[in-house]
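Student: I'd like to ask some things about the structure below.
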Amino acid sequence: MDQKLDDNASYGLLDRTFHLTEQRTTVKREILAGLTTFVSMAYILFVNPTILGQAGMDKGAVFTATAISAIIGCALMAFLANYPIAIAPGLGDNAFFTFSVVLGMGIPWEKAMAGVFIASVLFTILSFLKVREIVIDSISKDLKLAMAAGIGIFTAFIGLQGGGLVTASETSLVEMGSLSVPTTWLTIFGIFVIAILMAKKVPGSIFIGLVSTAILGLVTGLIKMPEHLISLAPSMKPTFGVGIAHLPSIADPEMWAVVLILLLVAFFDTAGTLIGLAQQAGIMKNNKMPRIGQALMADSISMLAGSVMGTTPTATYVESSAGIAVGGRTGLTSLTVGILFVFSMFFSPLLTVVTTQVTAPALIVVGILMASALREINWDKFEIAMPAFLTIIGMPLTYNISYGMAFGFLTYPILMTVAGRRKEVNYVVWILMVAFALMLYVLNKLPS
């Protein structure tokens, strides 16, 4: 170990920049960790354009915006916070944008991107003023876990629907999809491939499963082969600056509801993941996360950049745990992930191969991983169990992440007070309760 640490002297600049020796790690270990994390999360390059494409956005432009926002986020996380945590557009946020805002509320994606931009600006300001740190510290652990689990179940539900395993029903709302549809079997195949690899603890299981499913689709003729495999990154012209160009639309009352929802969803999407990864990496000190302000700022700036280029909010990735598991401890790990995203930009033709049936297994498995937060919730106390349950079940049943969050925050402070635990409820939670009540009022006043 000491001999390996001595090798850091050969990389003086990297050692000084990322404090490798101080963190008891090496350049080789950090690069391996970065590669492991990248392989584990590379599916977002294809899943994000697929989901946002359903909102009417240009898939090629979204592909490039996804890669560049990830590059910016990972580089900022590396140099500002020196954490082995990767950043890229989040699955929960893009699903909310497409299925709740665009398809659910009927808002054109161009107009919705203006909401993303405003939310990003406010997000960055709140990070700079350290409001995010204050709010994150004020929310109970149980509600944070419930939000993570709820988003996971919602994400899995979207995957089941996109893969054809669950379909709409006039009598029971949802029902089992038809197994006579050939493409549905691609989803089933992908689920089993990823599940088997995950059970064997193979790094990059999700990405390998995604590739295997796409290959099966090509071999069976269910997916058409693209004309090229490698090309220059697609232009971002169809999406670049669209949100800024549609800023006048922010005057509509429904748009402020969208901004509030996007801000709240993005606000809490990162918190639980960031803290959990810091715990895994041994970064937490006295239940506090050093340099959390810098980490949140990296997340905020990448979100702002992404909103300009044409993608939904970025988030810290739970797949970073794969890199941390193999020894990643510093920002050199996240920098490596960013560099690999640069090279990935030359493979955009593969977008036509990655259909909803190919990405569905990834969504389902990521949902399962996020739902693991359920085990840590204190179900023995009803004043905690009910808000947590409403948060979790509200997201998939209303097909809206923000509604689930609202259900939790509207009941938690009241039940805690009734149970004689009012002193455990931070004043910030009461403010959030009022904010969510206002949000629900505004949304229900909007024309359907």
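The values are calculated or read from the model by the stated rules, or taken from the named source; none is laboratory data. All values derive from a computational prediction rather than experimental measurement. Cβ atoms come from the backbone with ideal geometry, glycine included; neighbour counts cover every protein chain shown. Just so you know, the surface numbers come from the protein's heavy atoms only, side chains and all, with ligands and any DNA or RNA stripped out. Shrake-Rupley method; radii C 1.70, N 1.55, O 1.52, S 1.80 Å.
Student: Before anything else, pin down the relative contact order of segment 1-148: Cα pairs under 8 Å, at least 6 apart, normalised by residue count, whole percent.
Tutor: 16 percent
Student: Next question. Taking the simple approach of a point 7 Å from Cα along Cα-to-Cβ for both V418 and I431, what is their distance in nm?
Tutor: 2.6 nm
Student: Given K111/K144; K28/K201; K141/K200; K144/K381; K141/K201; K381/K423, which pairs have Cα atoms separated by over 19 Å?
Tutor: Details: K111/K144 30 Å; K28/K201 21 Å; K141/K200 30 Å; K144/K381 16 Å; K141/K201 28 Å; K381/K423 16 Å.
Exceeds cut-off: K111/K144; K28/K201; K141/K200; K141/K201.
Student: Give me the percent of accessible area attributable to carbon and sulfur for segment 313-448, probe 1.4 angstrom.
Tutor: Numbers: 4070 of 5870 Å².
The value for segment 313-448 is 69 percent carbon and sulfur by accessible area.
Student: Hey, what do the phi angles of segment 319-332 turn into as Karplus ³J(HN,Hα) couplings, whole Hz, using 6.51/-1.76/1.60 and θ = phi - 60°, x for Gly and Pro?
Tutor: Once θ is set to phi - 60°, the couplings for segment 319-332 become 5, 4, 4, 5, x, 5, 5, 9, x, x, 9, 10, x, 5 Hz.
Student: If you wrap segment 350-402's Cα atoms in a convex hull and average its projection over all directions, what's the area in nm²? Write down the numbers at each step before the final one.
Tutor: Values: hull surface 19.6 nm².
Over all viewing directions, segment 350-402 projects a mean Cα-hull area of 4.9 nm².
Student: Skipping prolines and chain starts, which residues have an amide H placed within reach, meaning under 5 Å, of the one on V174, given they are 5 or more residues away or on another chain?
Tutor: It is S169, by chain and number.
Student: So for segment 291-357, what are the equivalent ellipsoid semi-axes in whole Å, largest first, each being the square root of 5 times an eigenvalue of the Cα gyration tensor?
Tutor: For segment 291-357, the semi-axes come out at 24, 18, 12 Å.
Student: Can you compute 3J(HN,Hα) from phi for each residue in segment 295-307, using the Karplus curve 6.51 cos²θ - 1.76 cosθ + 1.60 with θ = phi - 60°, rounded to whole Hz and x for Gly and Pro?
Tutor: Going residue by residue, I get 5, 5, 5, 4, 4, 5, 5, 5, 5, 5, 5, x, 5 Hz, with x marking Gly and Pro.
Student: Using only the alpha carbons of segment 366-448, determine the length spanned along each of the three principal axes and report them from longest to shortest in whole angstroms.
Tutor: 40, 33, 17
Student: Still on this model: Tabulate in residue order the Karplus-calculated ³J(HN,Hα) for segment 92-107, using 6.51 cos²θ - 1.76 cosθ + 1.60 with θ = phi - 60°, rounded to whole Hz; enter x for Gly and Pro.
Tutor: Calculated HN-Hα couplings, in order: x, 5, 5, 5, 4, 4, 6, 8, 9, 7, 6, 7, x, 8, x, 8 Hz.
Student: Something else: How big is segment 94-152 in terms of Cα radius of gyration and Dmax, in angstroms?
Tutor: 14.4, 36
Student: Could I ask something else about it? Calculate, for the chain, the solvent-accessible area per residue in square angstrom, rolling a 1.4 angstrom probe over the heavy atoms of the protein chains.
Tutor: Averaged over the residues of the chain, the accessible area is 42 Å².
Student: For the chain, calculate the relative contact order in percent as a whole number, restricting contacts to Cα pairs under 8 Å that are 6 or more residues apart.
Tutor: The value is 33 percent.
Student: Mind checking Rg over Rh on the chain, alpha carbons, Kirkwood formula for Rh?
Tutor: 0.96
Student: Ratio to report: Rg/Rh of segment 87-221, with Cα atoms as the point set and Rh obtained by the Kirkwood method; give two decimals.
Tutor: When Rh is taken as the Kirkwood radius, the ratio is 1.05.
Student: So, one more: So for segment 314-448, taking the charge dipole from beta-carbon charges (+1 Lys/Arg, -1 Asp/Glu), which of I431, T314, V354 sits furthest toward the positive end?
Tutor: So the residue we want is I431.
Student: Using the crude model of +1 on Lys and Arg Cβ and -1 on Asp and Glu Cβ, and no other charge, please compute the dipole size for the chain relative to its Cα centre, in debye to 20. Provide the component values of the computation, followed by the final result.
Tutor: Numbers: 25 positive and 24 negative charges, 123 e Å.
It works out to roughly 600 debye.
Student: What full-extension length gain, to one decimal in nm, is calculated for E376 and I244 as 0.36 nm per residue of separation minus the Cα-Cα distance?
Tutor: Result for the pair: 43.4 nm of gain on full extension.
Student: Another question about this same structure. Starting from the Cα gyration tensor of segment 120-177, take the square roots of the eigenvalues, sort them a ≥ b ≥ c, and report rounded, prolate or oblate (rounded when a/c is under 1.5, otherwise prolate if a/b is larger than b/c, else oblate).
Tutor: Note, shape of segment 120-177 comes out prolate.
Student: Using a 1.4 Å probe and counting only protein heavy atoms, arrange K200, K237 so the residue with the most accessible area comes first.
Tutor: Largest to smallest exposure gives the sequence K237, K200.
Student: Mind listing the long-range amide H neighbours of V166? Cut-off is under 5 Å, sequence gap 5 or more, other chains count too, H placed in the peptide plane at 1.01 Å from N.
Tutor: Answer set, sorted by chain and number: Q161, G177.
Student: Please state the Cα pair-distance histogram of segment 1-127 with 10 angstrom bins from zero: what percent is in each bin?
Tutor: Going from the shortest bin to the longest, the percentages are 11, 33, 27, 17, 10, 3, 0.
Student: Take the solvent-accessible surface of the protein heavy atoms, probe 1.4 Å, and return the percent of it on segment 78-156 that carbon and sulfur atoms account for. The partial results should precede the final answer.
Tutor: Numbers: 1570 of 2210 Å².
That share works out to 71 percent.
Student: How about segment 22-125: which GluC sites (Glu not before Pro) there are in a DSSP loop, with at most 15 other Cβ atoms within 10 Å of their Cβ?
Tutor: Answer by residue number: E22.
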